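Undergrad: Would you mind keeping the following structure in view while I ask a few things?
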Amino acid sequence: PCHMVFENKIDTFVGYQPLESQPRTNFLCSFNRSGHESRKQFVLYLYALGLFNPDFCSKHFTIRDPAWYLQILGIETSDSIALENFANETYCQGTPMIGQDIEHLSPLINQSFITAVSETKAESQVPFPTEKICFPIANKALWLAYAQTNYYQFIEQYLGFKKYTGINYNFDNIKDPIERLRYYMKELQRLSDLTDTQKQDLYSVNREIIEHNFYLLTSGQVIANIWEHSEANTY
């Protein structure tokens, strides 16, 4: 729990006041600093689906042999030059410090319909939530995480965060990480096809859940829940 709370700076979100709400004219934002294997697959998949907007997404690393990754994912591309250019380019949003990231990333989150989160070591079978989900929660935004198997089950049961109504989480219990990523991306693609009215409606029906998750994070209750879970497992 020390690592989850302090090294991931979850305590820095206590008392956070979100920005004034803005029209969510951009579909997706996603912030990816470290180039873990699962994260390389994640950003390449976003790119292949046309969902990686460099004005709202980051990739602080390059990717060697991107075609090999797409082959693993079962994705074909007709423009290998564009793929190589994307793989070799870095798109930097935010700062090196988590405590400062909230200031830099919040305006991008606030203008986006959803935040696509790639958790650290998403190919693992052991759920481990980090600060990445805190940014959209603190900004009262929808988010969807590609993470470890049964990740959402874990954060509901032990952290207290609630899943959103109208989003399909069937990918959560899939053990194979590639298959889990495929089903995750299918849901993102489905959400991207919603009309503007349907997107607004999704926020409306989730207003209470958004406020619940926001309060849990910014009041510090989630930190208490993390410690309570740790102490319960001590005995």
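The values are calculated or read from the model by the stated rules, or taken from the named source; none is laboratory data. Not measured: the values here are computed from a predicted model. Neighbour counts are summed over all protein chains in view; Cβ atoms, including those assigned to glycine, are modelled from backbone coordinates with ideal geometry. Quick note on the areas: whole protein, heavy atoms, side chains included, nothing else; ligands and nucleic acids left out. Shrake-Rupley method; radii C 1.70, N 1.55, O 1.52, S 1.80 Å.
Undergrad: Go through region 9-54 and count every residue that is of a type in the set (Ser, Thr, Tyr), surrounded by 20 or more Cβ atoms within 10 Å (Cβ to Cβ) and more than 15 Å from the chain's Cα centre (by Cα). Steps first, answer last, please.
TA: Taking region 9-54 first, the residues of a type in the set (Ser, Thr, Tyr) are 12, 16, 21, 25, 30, 34, 38, 45, 47.
Now drop any that are not surrounded by 20 or more Cβ atoms within 10 Å (Cβ to Cβ), which leaves 30, 38, 45, 47.
Checking which are more than 15 Å from the chain's Cα centre (by Cα) leaves us with 47.
Residues in region 9-54 being of a type in the set (Ser, Thr, Tyr), surrounded by 20 or more Cβ atoms within 10 Å (Cβ to Cβ) and more than 15 Å from the chain's Cα centre (by Cα): 1 in total.
Residue-wise test of (1) modelled with pLDDT of 95 or more; (2) closer than 23 Å to Glu131 by Cβ; (3) among the charged types (D, E, K, R).
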{"site": "Glu179", "(1), (2), (3)": "yes, no, yes"}
{"site": "Arg182", "(1), (2), (3)": "yes, no, yes"}
{"site": "Leu188", "(1), (2), (3)": "yes, yes, no"}
{"site": "Leu191", "(1), (2), (3)": "yes, no, no"}
{"site": "Arg207", "(1), (2), (3)": "yes, no, yes"}
{"site": "Gly220", "(1), (2), (3)": "no, yes, no"}
{"site": "Ala224", "(1), (2), (3)": "no, yes, no"}
{"site": "Glu231", "(1), (2), (3)": "no, yes, yes"}
{"site": "Thr234", "(1), (2), (3)": "no, no, no"}
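Undergrad: From the list Tyr47, Tyr69, exactly one residue is in a helix (DSSP H, G or I) and within 30 Å of Thr195 (Cβ to Cβ). Which is it?
TA: Testing whether each residue is in a helix (DSSP H, G or I) and within 30 Å of Thr195 (Cβ to Cβ) leaves just Tyr47.
Undergrad: When the residues of region 94-106 are narrowed to those that are modelled with pLDDT of 75 or more, surrounded by 13 or more Cβ atoms within 10 Å (Cβ to Cβ) and of a type outside the set (A, V, I, L, M, F, W, C), which ends up farthest from the chain's Cα centre (by Cα)? Don't jump to the end; show me each part of the working.
TA: The initial filter retains those residues of region 94-106 that are modelled with pLDDT of 75 or more, namely 101-106.
With surrounded by 13 or more Cβ atoms within 10 Å (Cβ to Cβ) added as a condition, the list becomes 101-102, 104-106.
Cutting the leftovers down to of a type outside the set (A, V, I, L, M, F, W, C) gives us 101, 104, 106.
Numbers: Asp101: 15, His104: 16, Ser106: 14 Å.
Once the filter is applied, the top-ranked residue is His104.
Undergrad: Quick one: is Tyr152 in a helix (DSSP H, G or I) and open to solvent by less than 10 Å² (accessible area, probe 1.4 Å)?
TA: Values: in a helix (DSSP H, G or I): yes; open to solvent by less than 10 Å² (accessible area, probe 1.4 Å): yes.
Yes: the conditions hold for Tyr152.
Undergrad: Checking Gln157 against (1) farther than 26 Å from Ile72 by Cα; (2) part of a loop (DSSP other than H, G, I, E, B); (3) open to solvent by 60 Å² or more (accessible area, probe 1.4 Å), which test does it fail?
TA: In the conditions (1) farther than 26 Å from Ile72 by Cα; (2) part of a loop (DSSP other than H, G, I, E, B); (3) open to solvent by 60 Å² or more (accessible area, probe 1.4 Å), Gln157 misses (2) alone.
Undergrad: Would you say Ile137 is buried (at least 20 other Cβ atoms within 10 Å of the Cβ), at pLDDT 95 or above and not in a loop (DSSP other than H, G, I, E, B)?
TA: On the way: buried (at least 20 other Cβ atoms within 10 Å of the Cβ): yes; at pLDDT 95 or above: yes; not in a loop (DSSP other than H, G, I, E, B): yes.
Against the criterion (buried (at least 20 other Cβ atoms within 10 Å of the Cβ), at pLDDT 95 or above and not in a loop (DSSP other than H, G, I, E, B)), Ile137 qualifies.
Undergrad: Test of understanding: among Ile63, Ile72, which residue is surrounded by 14 or more Cβ atoms within 10 Å (Cβ to Cβ) and among the β-branched types (Val, Ile, Thr)? Don't jump to the end; show me each part of the working.
TA: Details: Ile72 fails: surrounded by 14 or more Cβ atoms within 10 Å (Cβ to Cβ).
Among Ile63, Ile72, only Ile63 is surrounded by 14 or more Cβ atoms within 10 Å (Cβ to Cβ) and among the β-branched types (Val, Ile, Thr).
Undergrad: In this structure, is Thr165 farther than 21 Å from Thr120 by Cα and open to solvent by 50 Å² or more (accessible area, probe 1.4 Å)?
TA: When the stated conditions are applied, Thr165 passes them.
Conditions tested, residue by residue: (1) farther than 16 Å from Ser58 by Cα; (2) in contact with a helix residue (DSSP H, G or I) (Cβ under 7 Å, 6 or more places away or on another chain); (3) of a type in the set (Gly, Ala, Ser).
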position	(1), (2), (3)
Ser112	no, no, yes
Thr130	yes, no, no
Phe135	no, yes, no
Lys140	yes, yes, no
Ala145	no, yes, yes
Phe154	yes, no, no
Tyr164	yes, yes, no
Tyr169	yes, yes, no
Asn173	yes, no, no
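Undergrad: Condition first: part of a loop (DSSP other than H, G, I, E, B) and not small (Gly, Ala, Ser). Now tell me which residues in region 50-66 satisfy that. Can you show your working first?
TA: Within region 50-66, the first condition is being part of a loop (DSSP other than H, G, I, E, B), and the residues that meet it are 50-56, 60-65.
Selection gives Leu51, Phe52, Asn53, Pro54, Asp55, Phe56, His60, Phe61, Thr62, Ile63, Arg64, Asp65.
Undergrad: If you don't mind, there's one more thing I want to ask. Can Ala122 be described as open to solvent by 10 Å² or more (accessible area, probe 1.4 Å), of a type in the set (A, V, I, L, M) and modelled with pLDDT under 95? Don't jump to the end; show me each part of the working.
TA: Working: open to solvent by 10 Å² or more (accessible area, probe 1.4 Å): no; of a type in the set (A, V, I, L, M): yes; modelled with pLDDT under 95: yes.
It is false that Ala122 is open to solvent by 10 Å² or more (accessible area, probe 1.4 Å), of a type in the set (A, V, I, L, M) and modelled with pLDDT under 95.
Undergrad: Then there's this: Conditions first: (1) under 24 Å from Ser21 (Cβ atoms); (2) of a type in the set (A, V, I, L, M); (3) open to solvent by 20 Å² or more (accessible area, probe 1.4 Å). Ile178 passes all but one, so which condition is the exception?
TA: Every listed condition holds for Ile178 apart from (1).
Undergrad: Within 21 Å of Ser106 (Cα to Cα) and either surrounded by fewer than 20 Cβ atoms within 10 Å (Cβ to Cβ) or of a type outside the set (D, E, K, R) (or both): is that true of Arg190 in this structure?
TA: Working: within 21 Å of Ser106 (Cα to Cα): no; either surrounded by fewer than 20 Cβ atoms within 10 Å (Cβ to Cβ) or of a type outside the set (D, E, K, R) (or both): yes.
Against the criterion (within 21 Å of Ser106 (Cα to Cα) and either surrounded by fewer than 20 Cβ atoms within 10 Å (Cβ to Cβ) or of a type outside the set (D, E, K, R) (or both)), Arg190 does not qualify.
Undergrad: Another question about this same structure. Do the conditions hold for Phe52, that is, is it under 30 Å from Gln198 (Cβ atoms), at pLDDT 95 or above and not polar (S, T, N, Q)?
TA: On the way: under 30 Å from Gln198 (Cβ atoms): yes; at pLDDT 95 or above: yes; not polar (S, T, N, Q): yes.
In short, yes.
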